[in-house]
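Visitor: Please read through the structure below; I'll follow up with questions.
The values are calculated or read from the model by the stated rules, or taken from the named source; none is laboratory data. Only a predicted model underlies this, so the values are computations on that prediction, with no experimental measurement involved. Every residue, glycine among them, receives a Cβ derived from its backbone with ideal geometry; neighbour counts consider all protein chains shown. Heads up: the accessible areas ignore ligands, DNA and RNA and are worked out on the full protein's heavy atoms, side chains in. Shrake-Rupley method; radii C 1.70, N 1.55, O 1.52, S 1.80 Å.
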Amino acid sequence: MRRPLFAVCLTVICILLICKVLDVLPPPVTPGAFPEGREEITVTGTVLREENGYDLLQVPGGVLRIAQEDLREEGATSAVSQAAASAASQTPLRIGEGVCVRGVFSPFSAASNPGEFDAAAYYGAKGIAGRILDPQVISRDGRSAPLRESLRRLRERLKTRLYTVYPEKEAGILSDLLLGDKGALDPEVKALYQRNGIAHILSISGLHISLLGLGLFAVLCRLGVPHRASALLCALLILFYAQLTGMSVSAARSAGCFALSMGAVLAGRTADPLTSLGLMAAVLAIRDPEILTDCGFLLSFGSALGALVFLPRVERFFGIASRREPAGTEALLPLPLRLARSAGRALAKGILASGSIILFTLPVQLYFFYEVPRYAVFLNLAVLPLMSLLLFGSLLPMLVPGLGILGTGSVLILRFFEAVCTLGDRLPWRLWNPGRPAPWQILVYYGILGMFCLLTSRGAENRAARWGRGRHASWRRICRIREMPLRAGIFAGFLTLLLFSVSGVFRFHGAGVTFLSVGQGDGIVLRTGRGLGASGEVYLLDGGSTSRDHVGQYVLKAYLKSRGISRIDRILLSHPDADHVNGALELLENREIWGFDIGSLYVTDAFLESDSEFVPRILEAASGRFGEPVPVEGMRAGMCWQSGQVRMLCLHPDADFRAEDPNSASQCFLLQHLPSGDTVLFTGDVQEEGEERMTEALSRAMEDLGLSRIRILKAAHHGSRYSTPEAFLRLTDPELAILSCGRDNRYGHPHAELLMRLREAGCPYLRTDKTGAVSCFWRGRRLRIRMYTQM
């Protein structure tokens with residue numbers, strides 16, 4: 001065995017992963033140690049560390065997060081009054097200090113929709129149980145951990161220095177780039193880098209460590225310092241730097257591998273990068289097994305594996321790594337030709353390196369982010385060559401007073417990065433959004449990748465030669481191919497097979513309705529499914545909330561992206577209340593940035609005549625200010641259309657219907673699944689006179705279609721007291737009612753009287769505040785219903 005230590009580390013990681021899957025490891029947060037909801041508590045613990053503007057307090061049972069800007073001494077009524085207090089009371093908490101804090105415990109929210117970020121699971125895996133709101137310090141012992149507290153203060157001084165030298169936006173980027181402080185990074189810049197696939201340059205990773213560590217090692221050796229002394233000094237400085245920046249996963253991996261390589265220099269041995277990588281992964285996993293499913297861990301070690309395992313085989317396949325010109329041949333060529341050949345090789349190696357790492361980590365990126373930028377390989381070619389200039393050009397002004405003039409180059413480089421990303425945002429088809437791959441797709445993907453690595457290993461051609469002319473003769477011929485176009489064609493076929501394995505073609509494409517859990521509001525996504533001669537469409541029926549902020553970004557966008565949906569054919573807005581439209585407005589305003597194509601917007605005449613503040617904003621967003629114009633169409637009772645496997649009929653309102661209450665003029669639709677005949681009734685917030693008119697139209701429609709009952713009813717107005725009366729329930733006789741409402745909302749929805757009416761009518765119901773998103777979909781003629789908690 002060539003790498004026995006790597007095999008041992010891999011075995012340890014696999015054992016820990018199996019134990020985590022089987023849930024036999026102790027949880028990071030002790031069950032029952034903290035309240036399930038918001039509740040005032042008093043805790044005593046030790047300040048563990050500072051993280052992006054928050055103090056982490058280690059208490060019995062877990063870790064609590066406290067915002068530094070909200071922290072105040074007991075008796076101070078606000079942060080302003082604390083600022084006027086004594087100097088002693090203004091001293092921030094020290095790392096290692098024991099404190100007693102009183103405040104309101106707030107647990108992190110769990111995901112309630114497919115694709116939504118699960119804050120409770122993310123922070124729970126880190127051992128962080130929740131937050132303390134309005135924290136008041138009751139007592140503190142004044143102790144500290146000298147080394148960690150000194151590093152924290154040094155980091156703050158260096159950060160202050162950056163803000164002194166650079167403009168605010170550039171200082172925030174460099175604070176993250178050099179010091180690992182993500183709290184100062186402009187969210188728009190972060191999103192811009194992420195959309196274009198260069199956000200990895202902001203993490204303290206192998207790129208930073210190799211440039212800084214190896215650069216320093218080369219300088220010390222040039223200055224005549226002995227190799228072993230240089231190696232020891234560089235290892236200590238890089239470990240110190242990683243601790244200074246917060247020792248993130250990528251920083252720990254890079255610094256640890258660099259220290260092991262310097263240790264090999266001290267021992268007079270040669271370090272094996274793959275063994276070092278396996279050892280660091282095993283160390284981090286033993287320390288915290290929860291890290292094995294962390295996105296940062298998977299991307300960091302996956303990128304390194306891609307560079308160490310996959311990239312050499314791709315280069316060998318194309319003959320780049322082994323190609324050598326005959327002695328003296330290069331010198332006979334003209335200088336421009338020599339430069340062109342060298343530039344061509346460098347470009348080819350850069351494309352293969354960037355592409356190999358992206359390919360190796362593609363399933364991880366899709367699983368966590370659902371999409372990848374198509375032009376990331378080429379954007380990285382423009383960005384990465386400038387990283388050494390950016391790093392060293394930023395470090396010197398930060399460390400040495402009087403060299404601020406050197407920061408001009410760093411500012412120009414950062415603005416060039418922003419210009420490149422802005423250009424990337426304008427390119428067509430810039431995002432590939434296949435959605436979240438299933439676990440079996442990820443296994444198939446890495447199976448194909450592993451087969452490629454096996455067949456392109458150093459001994460593959462020799463093995464093919466030994467196999468002879470029998471059934472392996474075809475692979476033998478492939479191994480002996482030297483024509484670059486033919487090899488490129490073979491690799492293109494392999495690449496197509498890889499991308500096909502994680503594409504959305506294998507996912508469910510039938511008709512279905514998902515009632516999203518948006519809090520106090522409505523958000524419904526309808527897929528019409530593939531029908532005879534039709535590929536199916538996607539509709540958004542309302543989308544808003546008054547209890548959740550940015551519901552468009554964190555719920556609607558997340559769900560659509562996770563399902564691989566990048567086109568919304570119709571947005572149907574029932575009425576202009578915030579709890580039905582503010583998320584849809586976000587989608588309209590950000591459709592170009594988020595990569596959505598919207599076909600048309602359907603509203604009623606009453607919607608357009610409303611005095612709601614959202615009407616002009618929605619019309620402005622659809623007019624083309626934020627991208628291609630979205631046609632605004634009128635919707636009125638009697639309109640009917642068919643798409644895929646479903647038929648839609650608008651029941652309400654009529655063109656001449658007007659009411660003082662905008663809820664009464666809500667759009668109402670009857671959906672019929674044609675293969676099964678099942679029906680779904682969407683009622684918006686209709687009530688009173690509007691509900692009566694809708695009921696009359698529904699009665700006529702049921703008679704025309706020969707319907708005896710409604711299969712699924714979306715209960716009107718979030719389950720308010722006077723909506724969905726007994727007469728309406730007798731007419732529809734629904735098999736299931738869906739109630740979309742927020743948890744512990746101030747309106748008391750759903751009302752007890754409505755729930756009693758549903759029970760008396762023999763109609764079971766599901767509440768999105770209890771079950772999360774509810775998905776109703778058809779496989780053939782059979783209707784299936786799933787709650788998010790069961791997905």
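Visitor: Out of the stretch 768-791, which residues are at pLDDT 95 or above and touching a Pro at 6+ places or on another chain (Cβ under 7 Å)?
Guide: A773
Visitor: Here is a follow-up. Please count how many residues of the stretch 160-194 are assigned to a helix (DSSP H, G or I), open to solvent by less than 50 Å² (accessible area, probe 1.4 Å) and among the charged types (D, E, K, R).
Guide: 2
Visitor: Of the residues I291, I286, which single one is under 29 Å from the mean Cα position of the chain (by Cα), touching a residue at least 12 places away in the same chain (Cβ under 8 Å) and open to solvent by 30 Å² or more (accessible area, probe 1.4 Å)?
Guide: From the options I291, I286, the qualifying one is I286.
Visitor: Any idea how many residues of the stretch 712-731 are hydroxyl-bearing (S, T, Y) and modelled with pLDDT of 95 or more?
Guide: So the answer is 0.
Visitor: Here's another thing I want to ask about it. Anything in the stretch 579-614 that is hydrophobic (A, V, I, L, M, F, W, C) and under 31 Å from the mean Cα position of the chain (by Cα)? List them, or say none.
Guide: Result: V581, A584, L585, L587, L588, I593, W594, F596, I598, L601, F614.
Visitor: Could you run through the stretch 308-323 and say how many residues are within 18 Å of R3 (Cα to Cα) and free of Cβ contacts under 8 Å to residues at least 60 places away in the same chain?
Guide: Final tally of qualifying residues: 2.
Visitor: So which pairs qualify, if the first residue must be in the stretch 8-21 and open to solvent by less than 80 Å² (accessible area, probe 1.4 Å), the second must be of a type in the set (S, T, N, Q) and part of a helix (DSSP H, G or I), the Cβ gap must be under 9 Å, and the two must be at least 6 apart or on different chains?
Guide: Close Cβ pairs satisfying both conditions: C9/T275; L17/T293; K20/T293.
Visitor: Would you mention how many residues in the stretch 1-14 are in a helix (DSSP H, G or I) and more than 17 Å from F297 (Cα to Cα)?
Guide: 6
Visitor: For the stretch 618-637, state whether one or more residues are more than 24 Å from G595 (Cα to Cα), free of Cβ contacts under 8 Å to residues at least 24 places away in the same chain and part of a loop (DSSP other than H, G, I, E, B).
Guide: no
Visitor: What are the pairs, 6+ residues apart or on separate chains, where a residue within the stretch 158-173 that is farther than 17 Å from F416 by Cβ and among the aromatic types (F, W, Y) has its Cβ under 9 Å from a residue that is open to solvent by 10 Å² or more (accessible area, probe 1.4 Å) and in a helix (DSSP H, G or I)?
Guide: Close Cβ pairs (under 9 Å, with a partner that is open to solvent by 10 Å² or more (accessible area, probe 1.4 Å) and in a helix (DSSP H, G or I)) amount to Y163/A184.
Visitor: Of all helices (runs of 4 or more DSSP H) completely enclosed by the stretch 506-597, which ones contain at least 3 residues that are crowded, with 20+ Cβ neighbours inside 10 Å?
Guide: Correct list: 558-562, 578-589.
Visitor: Separate question: Would you call F452 at pLDDT below 90 and either exposed (fewer than 14 other Cβ atoms within 10 Å of the Cβ) or aromatic (F, W, Y) (or both)?
Guide: Yes, satisfied.
Visitor: Within the group R341, R374, which residue is farther than 28 Å from V165 by Cα, of a type in the set (D, E, K, R) and within 25 Å of the chain's Cα centre (by Cα)?
Guide: When all the criteria are applied, what remains is R374.
Visitor: If a residue has to be surrounded by fewer than 21 Cβ atoms within 10 Å (Cβ to Cβ) and either assigned to a helix (DSSP H, G or I) or under 37 Å from the mean Cα position of the chain (by Cα) (or both) to count, how many in the stretch 206-235 make the cut?
Guide: Here the count works out to 16.
Visitor: Tell me, which residue of the stretch 63-119 that is surrounded by fewer than 16 Cβ atoms within 10 Å (Cβ to Cβ), in contact with a strand residue (DSSP E or B) (Cβ under 7 Å, 6 or more places away or on another chain) and among the charged types (D, E, K, R) is modelled with the lowest pLDDT?
Guide: Of everything passing the filter in the stretch 63-119, E74 is modelled with the lowest pLDDT.
Visitor: If you don't mind, there's one more thing I want to ask. Being closer than 29 Å to G256 by Cβ and under 15 Å from the mean Cα position of the chain (by Cα) is the filter; apply it to the stretch 195-205 and report the residue that is most open to solvent (accessible area, probe 1.4 Å).
Guide: That would be H200.
Visitor: Something else about it: Being of a type in the set (A, V, I, L, M, F, W, C) and touching a residue at least 40 places away in the same chain (Cβ under 8 Å) is the filter here, so list the residues in the stretch 350-368 that pass it.
Guide: L352, A353, I357, I358, L359, F360, L362, V364, L366, F368 - these are the residues of the stretch 350-368 that are of a type in the set (A, V, I, L, M, F, W, C) and touching a residue at least 40 places away in the same chain (Cβ under 8 Å).
Visitor: Please go through the stretch 120-136 and give me each residue that is among the small types (G, A, S) and either surrounded by fewer than 20 Cβ atoms within 10 Å (Cβ to Cβ) or within 14 Å of Q58 (Cα to Cα) (or both), ordered by number.
Guide: Residues satisfying the conditions are A120, A121, G124, G127, A129, G130.
Visitor: Kindly establish whether R148 is part of a helix (DSSP H, G or I) and open to solvent by 20 Å² or more (accessible area, probe 1.4 Å).
Guide: In short, yes.
Visitor: Across the stretch 734-750, what is the total count of residues that are outside any loop (DSSP other than H, G, I, E, B) and in contact with a helix residue (DSSP H, G or I) (Cβ under 6 Å, 6 or more places away or on another chain)?
Guide: Result for the stretch 734-750: 2.
Visitor: Since R3 meets every condition but one in (1) modelled with pLDDT of 90 or more; (2) within 27 Å of A271 (Cα to Cα); (3) of a type outside the set (A, V, I, L, M), which condition does it not meet?
Guide: If we test R3 against (1) modelled with pLDDT of 90 or more; (2) within 27 Å of A271 (Cα to Cα); (3) of a type outside the set (A, V, I, L, M), just (1) comes out false.
Visitor: Going by the structure shown, is S676 farther than 17 Å from D569 by Cα, part of a loop (DSSP other than H, G, I, E, B), hydroxyl-bearing (S, T, Y) and over 35 Å from the mean Cα position of the chain (by Cα)?
Guide: Yes, satisfied.
Visitor: Show the residue pairs that are 6+ apart or on different chains and have beta-carbon atoms under 7 Å apart, the first residue being within the stretch 35-59 and at positive phi, the second being crowded, with 19+ Cβ neighbours inside 10 Å and at pLDDT below 90.
Guide: Listed pairs, sorted by first residue: N52/D181.
Visitor: Check the stretch 706-714 and report whether any residue there is surrounded by fewer than 22 Cβ atoms within 10 Å (Cβ to Cβ) and of a type in the set (S, T, Y).
Guide: Yes, the stretch 706-714 contains at least one residue that is surrounded by fewer than 22 Cβ atoms within 10 Å (Cβ to Cβ) and of a type in the set (S, T, Y).
Visitor: Give the stretch 751-781 a look and list any residue that's under 17 Å from V680 (Cα atoms), open to solvent by 60 Å² or more (accessible area, probe 1.4 Å) and either in a loop (DSSP other than H, G, I, E, B) or aliphatic (A, V, I, L, M) (or both), or say none.
Guide: P764, R781, listed by residue number.
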